Amino acid sequence: MEHKYFDVAEIYADIEAKDRFDMGDILTRYEDYGFSHRWIQPPVACYLISTLDGQGNGNVAPISMGTAMWGEPADCGWYFCFAVQNRRQTRINLDQTKECVVCYYDAPLARQSWMCGLPVPHGISELDVAGLTPLPSRQVKAPGIAECVSNVEVKIVDSYPLSNTTLYIGRTVGCSVQKDVLERDIASPYQPGLGGTSLLFEVSITGDPSRLNYEVLDHSKVIPTDPQLGDLHRWIGNFDTWMESEEKRGRITAEEKGRLLALNKSWRFDPDPRGNKAVKDELTRMLHEICWREI
């Protein structure tokens, strides 16, 4: 059979030379090099990583670069391995607390997962912004998410630096599964577990700015990221450019943008969930309302 060869090291060298290492741009498209990263990384199940910072502020981030692994005796058990960009709050939290919850979500939570990927200020809980429900964990401090099918409690045992990214390996110490899904799986002759749910998989990255497209396991439906939410020009951007984009769309007024920027500045100066609670609560409430606002 005939094959076409791509020098991946050469492609990345060209990306670096052109200073295109923005998140998303490195995920090369056919238009750029005639090559898609999907030939290296197949579509993988999406999940959310829930962590706490040193002050107890929650963070939830959508991740899909990772997998579960099995360790044989004498130290047998399930492990979870995933990578996080160094600039993300998740990485800072993991380094501080050494624990997290891996929360697998299915298709009905696609919109909430997009909200968790927005540049929400550090210390403001994406759970509250997206309207999700904390699920108390048993063996780690970070909460799971009640709406998620499966919540895997993980304690980090090792980490490894990779080009502006950190690879984490954690030991699975607990798992909460929605009872109706569990009972349905027990009754199934095949017992596929998560494979029997409507998990979302990353299938492609298209558009300008780049955005993810999701697909359920049976390939019956592709779910693109909502283009009417988030930074108009970049993969994620930052809080200021996100708010500018929402004002341009008409989702927020100039007065609301001014208030949000002021709240964010106050919160960044003092991210104390107790001493600066009023600012945190107002900023969280406004972001939640804006994310769910129809335009």
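The values are calculated or read from the model by the stated rules, or taken from the named source; none is laboratory data. Everything numeric in this text was worked out from a predicted model, so none of it was measured. Quick reminder, even Gly has a Cβ in these numbers, built from the backbone with ideal geometry, and neighbours come from all protein chains shown. Quick note on the areas: whole protein, heavy atoms, side chains included, nothing else; ligands and nucleic acids left out. Shrake-Rupley method; radii C 1.70, N 1.55, O 1.52, S 1.80 Å.
Between Gln96, Ser150, Gly275, the Cα set farthest toward the positive side of the dipole of the chain (charges on each charged residue's Cβ, about the Cα centre) is that of Gly275. Relative protection proxy for 172-178, 157-163, from highest mean packing down: 172-178, 157-163 (other beta-carbon atoms within 10 angstrom).
Mean sequence separation of contacting Cα pairs (under 8 Å, at least six apart), scaled by the length of the chain, corresponds to a relative contact order of 17 percent.
Taking every C-alpha pair closer than 8 Å and separated by at least 6 residues, the mean separation divided by the residue count of region 50-209 gives a relative contact order of 25 percent.
About its Cα centre, the chain has a charge dipole of approximately 660 debye under the convention of +1 per Lys or Arg Cβ and -1 per Asp or Glu Cβ, with nothing else charged. Find out how many positive minus negative residues lie around Lys257, taking Lys and Arg as positive, Asp and Glu as negative, among other residues whose Cβ is under 13 Å from that of Lys257. Residues near Lys257 contribute -1 overall. Take Asp208: with every protein chain present and a 1.4 Å probe, its accessible area is about 150 Å². Between the residues Leu229, Ala262, Pro189, the greatest Cα displacement towards the positive end of the dipole of region 183-295, with unit charges on the Cβ of Lys, Arg, Asp and Glu, is found for Ala262. Using the structure shown, select from Lys179/Lys277; Lys141/Lys257; Lys257/Lys280; Lys179/Lys280; Lys18/Lys98 the pairs with a Cα to Cα distance greater than 28 angstrom. Too far apart for the 28 Å limit: Lys179/Lys277; Lys141/Lys257; Lys179/Lys280; Lys18/Lys98. By the Cβ distance rule of under 4.7 Å, the chain has these cysteines without a partner: Cys46, Cys76, Cys81, Cys100, Cys116, Cys175, Cys291. By a 1.4 Å probe calculation restricted to protein chains, His233 has an accessible surface near 130 Å², given to the nearest 10.
Remark: region 224-295 carries 57 Å² of accessible area per residue (probe radius 1.4 Å; ligands, DNA and RNA excluded). What whole-number distance in Å separates the alpha-carbon centres of region 220-262 and region 49-104? So the two Cα centres are separated by 27 Å. Here region 133-198 is assigned +1 on the Cβ of each Lys and Arg and -1 on the Cβ of each Asp and Glu. Its dipole about the Cα centre then comes out at about 200 debye. Stick to the Cα atoms of region 1-106, pair each with every other, and give me the Kirkwood hydrodynamic radius in Å at one decimal. It works out to 16.6 Å.
Between (1) 56; (2) 49; (3) 40, which entry matches percent of Cα pairs over 26 Å apart as derived from the coordinates of this structure? The value matching this structure is (2). Expressed per residue, the C-alpha convex hull volume of region 144-295 stands at 199 Å³. Based on alpha-carbon atoms, the Kirkwood radius and the radius of gyration of region 67-174 give Rg/Rh equal to 0.97.
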